[in-house]
Amino acid sequence: MNRLSDIGVKVESGGVAEPELRGNALPLLHEIRHALARLVDEGEPTVIDVQSIPMGPGDVKRLMDALGEGEVKAELDALGKTIIRESRYSGVWIIEHMNTSGGIASRFVEITWVPSILQAQAEDVRKGLKELADALAPAGS
Amino acid sequence: MAASKTVGDVLRAHGVSRRGFMKFCAATASMMALPPSMVGAVAAAIEKARRPSVIWLPFQECTGCLESLTRSHTPTVEGLIFDSISLDYNHTLQAASGQRAEDALDKAVEENWGNYLLLVDGSIPTGEFEAYSCTNGHTHLEMLKKYGAGAAAIVTIGTCAAYGGLPKANPNPTQAVGVQDIIKDKPIINVPGCPPVPVVMTGVLAHYLTFGTIPELDKYGRPMAFFGQNIHDRCYRRPFYERGLFAKTFDDEGAKKGYCLYELGCKGPVTYNACATVKWNEGVSWPVQSGHGCIGCSEPDFWDKGSFYRPLSAAYWGDLKTVGVSAAAGAAAGLAAAVLARGKQKKSQQEEKA
């Protein structure tokens with residue numbers, strides 16, 4: 001057992017409080033709707049740092065359930081793993097940076113055409129070009 | 001000395017790609033409580049930032065702050081923050097000991113005089129009790145004055161270093177004080193908490209590392225980015241307060257339904273910290289979410305402000321004006337709770353007299 005999530009905790013609750021009372025999922029979904037409208041109308045992207053918003057128990061799950069799964073899922077392996085997936089609403093992306101123990105270190109909702117972190121970076125492309133040229137050099141090309 | 005390298009150089013030396021660097025910047029901006037739109041500015045600043053020398057002096061403390069920091073939940077990013085600074089002295093973490101450790105300290109101080117960042121955890125005993133806390137035969141008061149003189153700025157880690165904390169609690173047997181009571185001529189950033197939230201500690205270091213400046217501070221010297229809002233305002237249980245729904249005991253129906261913990265002594269309305277958003281233990285939970293009220297550990301003299309389990313309105317926490325303001329910010333139901341709590345206080349005082 002080396003992760004917090006491995007600790008068996010059973011939550012007993014005498015009753016379920018009305019979700020809307022503690023909910024930040026619904027207001028956040030409205031914010032995402034407005035951001036999506038801005039993207040469509042003005043081409044302006046938005047990034048929401050989910051960690052900066054006070055979320056009650058179950059809020060994150062409610063938000064993630066509401067956003068659901070879309071057509072694209074990508075995994076980035078640079079400084080630890082990052083999962084990038086499109087939600088069921090095209091243009092709404094969920095980006096989760098994982099820590100070394102598999103937990104989520106930071107989570108962003110990005111409302112954009114393509115998350116910038118997915119695009120190849122000019123500096124890396126230049127480095128790749130040099131490496132490819134070096135690799136081909138012995139062959140005299 | 002390695003301190004002359006830029007952070008960009010250090011990251012590249014670690015084989016970090018540009019994409020990885022941008023990811024690091026996004027996580028760092030989040031850690032600094034900056035909006036995601038600032039990631040570009042953070043990237044540009046980090047790329048050029050010089051690697052600062054950091055001296056960390058533990059004084060009269062329990063090492064809980066360091067434990068908290070080293071168990072922070074984003075080791076990839078925070079590890080890089082630490083790789084990006086030159087931590088030249090921390091006698092708990094460093095491999096060297098004895099005279100070699102002291103030599104390393106003096107060398108780092110000499111080479112970086114006027115430019116290093118001094119981190120302090122723990123309070124400082126004074127007066128006739130000065131000698132109660134020493135390292136290598138030097139009192140911590142003496143060390144603070146000596147090494148504080150050469151620092152560009154001082155960051156106090158934890159409530160003890162910031163305000164005296166637990167050692168200063170009544171009757172303050174060692175006449176303990178915080179750093180700001182001794183050092184008057186240096187910029188001081190207070191990062192209180194018992195212990196502080198790990199991400200807040202690294203966020204403050206990241207800010208200094210990135211921008212080379214002192215962040216905006218509140219009246220207690222705390223960075224506004226993390227201590228600008230009170231726990232109550234950011235608490236997910238706040239809507240229950242507004243509706244007058246309170247847990248009366250720790251195991252009643254209200255507690256099970258997650259009602260507001262105000263009547264059980266929660267100090268959220270007068271406590272400024274980032275727990276409600278950043279949370280603890282890999283972001284899993286925080287005291288209020290686990291069913292216990294906030295004890296106000298990031299506030300000066302929190303230990304001497306009455307029982308953690310007395311409602312604010314009935315305890316000695318803050319003055320009547322402070323409590324009145326927090327109650328007024330809520331609904332009439334909150335006021336009713338305050339009145340009820342005062343009633344409870346009066347009754348307990350009468351019982352104590354009897």
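Readers should treat all values here as calculations from the given coordinates under stated rules, not as data from a laboratory. It should be emphasised that the depicted structure is a prediction, and the values quoted were computed from it without experimental measurement. Heads up, the Cβs are rebuilt from the backbone with ideal geometry, glycines too, and the neighbour counts pull from every protein chain shown.
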(request) Pull up all non-local amide H partners of B:A151: gap of 5 or more, or a different chain, and H-to-H distance under 5 Å with H placed in the peptide plane. (result) B:G114
(message) Under 5 Å between amide hydrogens, which residues at least 5 positions from B:S313 or on another chain qualify, with H placed 1.01 Å from N in the peptide plane?
(response) none
(request) Please tell me which of these pairs span more than 28 angstrom C-alpha to C-alpha: B:K5/B:K184; B:K219/B:K279; A:K81/B:K279; B:K186/B:K267? (result) B:K5/B:K184; B:K186/B:K267
(message) At a 10 Å Cβ-Cβ cut-off, how would you order B:T213, B:T202, B:T126, B:T70, fewest neighbours first?
(response) B:T213, B:T70, B:T126, B:T202
(request) With a ≥ b ≥ c taken as the square roots of the eigenvalues of the C-alpha gyration tensor of the stretch B:51-227, please select rounded if a/c is under 1.5 and otherwise prolate if a/b is larger than b/c or oblate if it is not? (result) rounded
(request) Show which aspartates and glutamates lie in cross-link reach of B:K257 when reach means a straight Cα distance below 18 angstrom and same-chain residues fewer than eight apart are skipped. (result) A:E12, A:E18, A:E20, A:D59, B:E242
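As a footprinting exposure proxy, order B:S133, A:S52 by other Cβ within 10 Å, with the fewest listed first.
A:S52, B:S133
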(request) Fewest Cβ neighbours within 10 Å first, please rank A:K81, B:K145 accordingly. (result) B:K145, A:K81
(message) Using the Karplus curve 6.51 cos²θ - 1.76 cosθ + 1.60 with θ = phi - 60°, what ³J(HN,Hα) values do you get for each residue of the stretch B:62-68, in whole Hz, with x for Gly and Pro?
(response) 10, 6, x, 5, 5, 4, 4
(message) Amide H of B:Q60 versus every other amide H placed in the peptide plane: which residues, excluding those fewer than 5 positions away on the same chain, fall under 5 Å?
(response) B:S123
(message) Can you compute 3J(HN,Hα) from phi for each residue in the stretch B:52-59, using the Karplus curve 6.51 cos²θ - 1.76 cosθ + 1.60 with θ = phi - 60°, rounded to whole Hz and x for Gly and Pro?
(response) x, 8, 10, 10, 10, 10, x, 10
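Report, as an integer, the average count of C-beta atoms from other chains found within 10 Å of each Cβ along B:278-284.
Per-residue shielding by partner chains comes out at 5.
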